[in-house]
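Some notes on the structure that comes next.
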Amino acid sequence: MVFAEVLKEEVFKNAVNLSRIERRLVNGPIKELLEELLKELRRELRNFNELTEFQQQRVLAQNEFMSETLNQEPFTKASDSLKESLTDLAELQALQAANEINLAVRIPLISVASPPTFFATLVDQTLIEGLPLFNQSTKDGSPSWFSRLDEDLQRRVGQEVRKGLALGETQNQIRDRVLGKRDKQGNYRGGILETTKRNAEAITRTAVHSVTNEARKKVYEDNQDVIEGVQSLATLDGRTTLLCRSHDGLRWSLPDYKPQGHNKSYLQPPRHFRCRSVLVPVIVGIEEIDKKAEEMGLELEEVVRASNTGPRRGLARRSTTSNMEDWFREQSEESQNEMIGKGRADLWREGKADLYQMVNQSGRELSLQELKRRINENSLDKTPR
C-alpha cells in the first residue's frame, strides 16, 4: 500500500476519534457549565422576585441584573476544564500526526520535538474566526468566545426580564421566559439556555478541530524534509458546505502554503463553525524518504519501497469516487438542489460551473448572480486538473 493510502486511512480513523472527543467534552465541561448556569439563574430570579417593583426597575436600569453571578464561577470553571483537555488533545494530535507518517513508511522516521509547554501556548493562541477561545484579549479589545457567551447570556436575561415586566407578566411567566418550561422528564425547554447550549457546543466542537489542525500543522512544518505540502479532504455528505466542497482535493506547498495547480488561497480548517474538513500531509518521493532513512541508520522495507515506486500518486479517498465532484454527481437532483441551491445546481448540471468555481480565491462563496455574470463574461476561475 502506498504512503498516501495509509495516511488517508489513518487520518479518517483519527477524524472518527475526534468526534468521540467532541461528545466527551460536550457531555463533560459544557454540560456541567449549563447545569451551573441553571442553578444560578434560578437563584437570581428568586432574589430578583423578592425585590419591590421600584427596586426591580432600578436594578434593571443600572444593568446590574446577573452581572455579578454569570460573569464568574460557571464560565471560569468550564473554560479551565476545556483548556486542560484541549492542551492534552494538542499534544496527542501532534504525536498522532507523527505516528501516521511512521506507520506509512514502517520506520520511526519523524518525532515530535515540541515540549509540553508548547501545547498550552498553542491552545492559548488558537483562534476561531479571529477570536481566541478563552480569556486572552485581542489587539482591538474584542472578547474571547467564552467571554462572549457570558456577556450574551447576561444581555438576553436582562432583555427577557424587562419584556416581562413591561407586559405586566407574573413572576412565574417571567421565570418561564428565562428558564423555559419543564418537560415530562423535568428538563427545562425553550429558555435562554437553549441558545447558550447550542453556541457553547458549537464553540467546543470547532475548538477541537482548531487545536488539532494547529498541532498537526506544527508537525508538518517541522518535518519538511519528509512532508512537502498538505491536501484538503472534505467529508462526503450532504452537510458539507460549498466552501469545503470547493477546496476538496486541493494542495498547498510547505512552508509557504502556495497553491499547487489552482489559485485558491490557503484556508486552514476549520474554515467555519462545525467544519469537518481535514488536512492530509503530502509526502515527498520514495527517493527522499530512502535517503533520510539511510542517514538515520534505518532501512525501508522492500515491500514499502516497491509499492511506492513509479508515478507519484495523489491522496485518494477510500471510496469508489475520487473527489467531491464525483461524489456530488452520484447524488439525486433533489439532494444536489438542497445542498448548494437549485440555481447553482442547475448551472453545475449544465456544465457551466463546477464546485471549485463557486467559491472565489479568498474563500468567499459567489452569489448566484455573480456566478451567472462570470459565466457570461467567461471569467470563472480555471478548474485545476
- Which members of the stretch 327-362 meet the condition of being closer than 26 Å to K258 by Cβ and out of contact with any His (no Cβ under 8 Å at 6 or more places or on another chain)? A353, D354, L355, Q357, M358, N360, Q361, S362
- Task: Tally the residues that are touching a Phe, Trp or Tyr at 6+ places or on another chain (Cβ under 9 Å) and of a type in the set (K, R), restricting the search to the stretch 91-126.
- Result: 0
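Taking G186, is it at pLDDT below 90, small (G, A, S) and at positive phi?
Spelling it out, G186 is indeed at pLDDT below 90, small (G, A, S) and at positive phi.
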- Note on the structure: Contact list, first residue from the stretch 109-135 and farther than 24 Å from F273 by Cβ, second anywhere and assigned to a strand (DSSP E or B) and not basic (K, R), beta-carbon distance below 9 Å, six or more apart or interchain, is I110/I227
- Query: Hey, does the stretch 361-369 have a residue that's crowded, with 19+ Cβ neighbours inside 10 Å, touching a strand residue (DSSP E or B) at 6+ places or on another chain (Cβ under 8 Å) and modelled with pLDDT of 90 or more?
  - Reply: yes
- Query: How many residues does the stretch 1-56 hold that are over 20 Å from the mean Cα position of the chain (by Cα) and either part of a helix (DSSP H, G or I) or not polar (S, T, N, Q) (or both)?
  - Reply: 32
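Restricting to the stretch 252-268, count the residues that are surrounded by 21 or more Cβ atoms within 10 Å (Cβ to Cβ) and of a type outside the set (F, W, Y).
Number of matching residues: 0.
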- Task: Provide a single number: the residues in the stretch 170-220 that are closer than 22 Å to Q56 by Cα, free of Cβ contacts under 8 Å to residues at least 60 places away in the same chain and among the polar types (S, T, N, Q).
- Result: 3
- Task: Please give the number of the condition V208 fails out of (1) under 23 Å from N27 (Cβ atoms); (2) of a type in the set (V, I, T); (3) in a loop (DSSP other than H, G, I, E, B).
- Result: (3)
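Say whether the condition of being assigned to a helix (DSSP H, G or I) and surrounded by fewer than 18 Cβ atoms within 10 Å (Cβ to Cβ) is met by at least one residue in the stretch 133-149.
Yes - at least one qualifying residue is present in the stretch 133-149.
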- Would you check which residues across the stretch 220-256 are of a type in the set (A, V, I, L, M, F, W, C), assigned to a strand (DSSP E or B) and closer than 27 Å to D354 by Cα and list them? V230, L233, W252
- Can you tell me which residue in the stretch 358-372 is farthest from R271 (Cα to Cα), limited to those that are free of Cβ contacts under 8 Å to residues at least 40 places away in the same chain and assigned to a helix (DSSP H, G or I)? K372
- Quick one: H247 ticks every box in (1) in contact with a helix residue (DSSP H, G or I) (Cβ under 9 Å, 6 or more places away or on another chain); (2) farther than 22 Å from V105 by Cα; (3) surrounded by fewer than 22 Cβ atoms within 10 Å (Cβ to Cβ) except a single one, so which number is it? (3)
- Within the stretch 150-169, tally of residues that are in contact with a Lys or Arg (Cβ under 8 Å, 6 or more places away or on another chain) and either at pLDDT below 85 or surrounded by 15 or more Cβ atoms within 10 Å (Cβ to Cβ) (or both): 4
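Could you please find all residues in the stretch 96-125 being small (G, A, S) and over 15 Å from V11 (Cβ atoms)?
Result: S111, A113, S114, A120.
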- Message: Conditions first: (1) under 17 Å from A200 (Cβ atoms); (2) surrounded by 17 or more Cβ atoms within 10 Å (Cβ to Cβ). R23 passes all but one, so which condition is the exception?
- Response: (2)
- Message: Given the condition out of contact with any Asp or Glu (no Cβ under 8 Å at 6 or more places or on another chain), surrounded by 20 or more Cβ atoms within 10 Å (Cβ to Cβ) and modelled with pLDDT of 75 or more, answer yes or no: does some residue in the stretch 60-79 qualify?
- Response: yes
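Every residue, every condition in (1) among the β-branched types (V, I, T); (2) within 30 Å of M296 (Cβ to Cβ), yes or no:
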| position | (1), (2) |
| --- | --- |
| T76 | yes, no |
| L86 | no, no |
| L89 | no, yes |
| Q93 | no, yes |
| A97 | no, yes |
| I107 | yes, yes |
| S111 | no, yes |
| L122 | no, yes |
| G130 | no, no |
- For the stretch 177-198, how many residues meet the condition of being crowded, with 17+ Cβ neighbours inside 10 Å and of a type outside the set (S, T, Y)? 8
- Note on the structure: Matching residues in the stretch 77-120 (outside any helix (DSSP H, G or I) and not polar (S, T, N, Q)) number 8
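The values are calculated or read from the model by the stated rules, or taken from the named source; none is laboratory data. This structure is a prediction, so every number in the text was calculated from the model and none was measured. Here the Cβ is made from the backbone with ideal geometry for all residues, glycine too, and neighbour counts use every protein chain on show.
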